[in-house]
Amino acid sequence: MIKELPKAYEPSKYEDGIYKKWEKSGFFNPDNLDLPKNAPSYTIILPPPNITDKLHLGHSSMLAIEDLLIRYHRMKGFRTLWLPGTDHAAIATQNVVEKKLLKEEGKTRQDLGREKFLEKVLEFVKITQSVILRQTRKMGASLDWSREAFTLDKPREEAVKKMFIDMYEAGVIYRGERIVNWCPRCHSTLADDEVEYKDQQAKLYTFKYSKDFPFTIATTRPETKLGDTAVAVNPKDKRYKKYIGKVYEVDFVGIKLKLKIIADRHVEMDFGTGALGVTPAHSMADWQMAEANGLEIIKVIGEDGKINNNFKKYSGKTVEEAREMIVKELRKNNLLEKEEEIENNLSICYRCNTPIEPLPSKQWFVSVDKKLKRLGGETQKHKNTKTQKHKLDIEGKTLKEAAIEAVKSGKIKFIPDRFEKRYIDWMENLHDWCISRQIWFGHRIPVWHRTRKHENTKTQKHENTKTRKHKNTKTQKHEIEEIYVGIEPPKGEGWVQDPDSLDTWFSSGMWTFSTLGWPDNFKNGKKKGDLSRFHPTQVLETGYDILTLWVSRMIMMSLFALREIPFENVYLHGMVLDEHGKKMSKSKGNGIDPVDMIDKFGADAARLSLLIGNTPGNDLRLSEEKIAGFRNLVNKIWNVSRYVISDFRFQTPPSSADRGWVSDFRFNQKNLTVSDKWILGKMENLIKETGDDLDNYRFSQAGERLREFTWNDFADWYLEVSKFEKNKEKGKILSVILNDLLKLWHPFIPFVTEKIWEEMGNDKFLMIEKWPVTPHPQPLPHSCCRGRGEIDFELIKDVITAIRNARAENKIEPARKIKAVIYGGKSADLIKSQEYLIKNMRTGIKELEIKEKADKIKNRRSPLREAAAGQRMWHCLVPKDAIHIAVAGIEIYLIGAVDEEKEKIRIKKERENLEKLIIMAEKKLSNKEFVEKAPEKIVKQEKEKLKLRKEELKKLTK
RNA sequence: GGGCGCAUAGCUCAGCUGGCUAGAGCGCUUCGUUUACACCGAAGAUGUCCUGGGUUCGAAUCCUAGUGCGCCCACCA
């Protein structure tokens, strides 16, 4: 069969068509795979990309790694599911749309109103979503599109509501007033990890509240001091000890303050004056002190970023204005002692860079410290809970404790493992998670409120509803606020739904199970359907940057909802950086569009550039040159295949999905040449080692191994040999090697391998072929394909390389044919038998003379005996102008062209090198401790090495 | 302030549990119109493995101190 294929592989010509065929085949869906009933499942849920923007190379890296794992396991016979989806990214998306709206129409979201605005968002989402999905397909991702999910679609909405209600009933979700990070521009709270920091110059004011107050205080924010209710000092501070516990009333710039002197170990004695004005309402730390000391909380700044009422002339002023006024006032009264410039860490909003105001606000929280009881209404007796490796009993533990235990117990593993420590550290310091956001786009909180006059209130019981009453202490003493939590709006008058929506991580935290049919697939503590078949998942593969943001939440939520870990392994990849080492991100706009890369170099090359040279947890620098290099590799594979397929000896292997390696091609050992044995042995090793690498997440190493074999062993040597070495088994061997090589490559570069597979005449997809297995699970001793064949061919290779090298070094013209005389040592027979290899492999040798072994001559008591022993005779027998090469204990003399001077220099260099090595080795061996303490094997090796080198040196000196 | 990571060829990086003369890709030099491939082939050059100390018969690898870069966390008023 002779196939005419284009010389260069053109990815853009085939890729889209191949993807369509795959998708149409239905094999991305595990339900369509032809598998035994008890086939183990292998699941990865795709971390859903934010629909704020199209994908960048970071996403491509994620897709490449996951598709590699997925395709590998699919070929290994797992029930393999890779489930796609997208994330609505609540606040981020809303911001993008708001900015767009302002730019294009000059309107704010308030101008449009909630409903109209949400329509706009959904319009935007539709567009980016379709771009994302197209990009994902371009990468070759073998995702099961039939199970596609969106964090904001109907099933997920149901799941989120159910989760909220369950957690509320369990007392894990509560509403409370706490200091939150408030962005006055976004008009919303931010989670702790949504806050960014910026170094800035700030003024530190040292002042006294009033003349008769004994403390001097330092602050960068004088305006918040209007709400101070205490002064804190370090309990060890001798200067202030006597004041602790006292209460002072002061007149601070016209406002009356009651200040209690408290002790707190967090106060640094050396900073400022060692005394700290406590502003409970506008500092996280101060809030905690206030709670600990029962201090009053006075709100100074409102949600609009302005000073509240009750502060006389300061009311209604902005923060900046108030600050200026207060400083002026202090200065006037001679209370300002110092003004200095300091470096300060300013918290800003990660979306709009507006400085954050810490404010007390009523928000919804997930408690991480609440001891958990049994899930509401469900029987919780699983007898084998403890024996199941995925289950974790959470009764009597807090979410925090459970999430830590899941990792410490080894149920969840991290790759690389150093992130385990980071996870646990973070977990141990975790505070309650604020889940309400004052934005419109997202899951609406399933809570309704109504306020009633006290006297009217009769305890109203709804069936199946969860009603709690909260007394609103301060402002409305006569009113009672009712709260209703449920899936459907409550009946009755006056209910208003909570305007807030949920933190986006609340819905993505449920991602492993909300995508698999929870809660419908989970009844009475039992899983069914997809949930039982695919949960927990095997690997969560994501960037280390969202380890805390996402991974930790998934663990907590899965433990809460299912009492089961969400995944067994967490593989964390690094960031993809540009060639200057800068992070690519949407917000910075320096992300390279993966589609451009794919158009230029092909998806396969793009994938390789993200897989090879990348190690878990480490960042990756990417440049066009690098991708071009892999384009060349893909092209090499294409051409190797083109050659093999067009070879008249080529046979299409019998098509059967479960064919194992070589099993259909029994080779007659007698018909195999040295090179055949060598390549078959190498291939067998390759299969074993590649599988081993992939099983241990060493993708880069596996890729390099494959490249090494494909390019250096198969293409550069075996194929070259096959051009002139004609034997019976050649066609079969070529077919087998190509066959298995394509399978091994397929998870890395699915497109080109699938295309070649088709060209080979296969009627089934390579994608669902069985991963190769080696005929010998254990390495065989010398008898079979490995062993002697391998070693022998390596020797011939060395001889050939040495001859080429000598020719190049001595500048022998390529056209010039020369004669080689080889003194074979122990290997004379072998070399003689492979003479044709040496002659044909571009050595320019037209005649090859092999002399007998020296010891044979010795034993024959020939007159030459003595000379032979010292190998002097070769120098006698060979013309003086011969070039001498020593390789692997073999002497080679090239006759025909010489440069005596160069040869002398070469020998001198080599001798010096050898002498150095011998001295080193002798030193080592004369060391008693080495001989006694080092393992025998190493000592023996060292001795042998020394012996060989000494012999070589001897030869050279002659 | 605490924690983590990195430092190896001109560049980007491998180097697992200490043990052949420390490797790969790209780049560089020389040569080559060989019927799979110039997105190619052949040959070659290049290292104080960041620095100092220690453990060991033996350290790029383990320990320790330091320097430089990067990242994460934290309530410096």
| said: Can you give the local net charge around A:T690? Use residues other than it whose beta-carbon is closer than 14 angstrom to its beta-carbon, Lys and Arg +1, Asp and Glu -1. | reply: -1
| query | Which lysines, on any chain, are close to A:K161 with Cα under 17 Å apart, when same-chain ones fewer than 8 places away are left out? | reply | A:K466, A:K523
| query | Among all the lysines, which ones have a C-alpha under 19 Å from A:K260's C-alpha, if same-chain residues fewer than 8 places away are not counted? | reply | A:K208, A:K211, A:K225, A:K236, A:K238, A:K241, A:K242, A:K246, A:K299
| message | Skipping prolines and chain starts, which residues have an amide H placed within reach, meaning under 5 Å, of the one on A:V368, given they are 5 or more residues away or on another chain? | response | A:D432, A:W433
| note | What helix-only [θ] at 222 nm does chain A give? Using -39500 (n - 2.57) per DSSP H run of at least 4, over all residues, to the nearest 500, the answer is -12000 deg cm²/dmol
| field | Pairs beyond 18 Å (Cα-Cα), from A:K421/A:K582; A:K408/A:K526; A:K904/A:K954 | value | A:K421/A:K582; A:K408/A:K526
| query | Given the pairs A:K819/A:K839; A:K389/A:K743; A:K730/A:K797, which are separated by over 21 angstrom at their Cα positions? | reply | A:K389/A:K743
| Gain in length, A:K723 to A:E481, computed as 0.36 nm per residue apart minus the alpha-carbon separation, to one decimal in nm? | 78.3 nm
| Debye, to nearest 20: dipole size of chain A, +1 on Lys, Arg Cβ, -1 on Asp, Glu Cβ | 2140 debye
| Using a Förster distance of 45 Å, how high is the FRET efficiency between A:A715 and A:K100, based on the Cβ-Cβ distance and rounded to 0.05? | 0.30
| task | Past 25 Å, Cα to Cα, is the threshold; run A:K258/A:K370; A:K54/A:K154; A:K362/A:K411; A:K846/A:K909 against it and keep the listed order. | result | A:K258/A:K370; A:K362/A:K411; A:K846/A:K909
| request: Any chance you could list the semi-axes, whole Å, largest first, of the equivalent ellipsoid that the Cα gyration tensor gives for chain A, using √(5λ)? | output: 72, 36, 26
| In sequence order, calculated HN-Hα J values of the stretch A:258-267 (Karplus, 6.51, -1.76, 1.60; Hz; x Gly/Pro) | 10, 10, 9, 8, 10, 10, 8, 6, 6, 6
| field | All aspartates and glutamates inside 13 Å of A:K328 as judged from Cα atoms, apart from same-chain residues fewer than 8 positions distant | value | A:E223, A:E320, A:E337, A:E339
| Just the accessible area per residue of chain A, please: how many Å² with a 1.4 Å probe? | 47 Å²
| query | For the stretch A:110-203, which whole-number percentage of the solvent-accessible area (1.4 Å probe, protein heavy atoms only) is attributable to carbon and sulfur atoms? | reply | 50 percent
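The values are calculated or read from the model by the stated rules, or taken from the named source; none is laboratory data. None of the values given here were measured: they were computed from a predicted structure. Cβ: placed from backbone, ideal geometry, glycine included. Neighbour counts: every protein chain shown. With ligands, DNA and RNA removed, areas are computed over all heavy atoms of the protein, side chains included. Shrake-Rupley method; radii C 1.70, N 1.55, O 1.52, S 1.80 Å.
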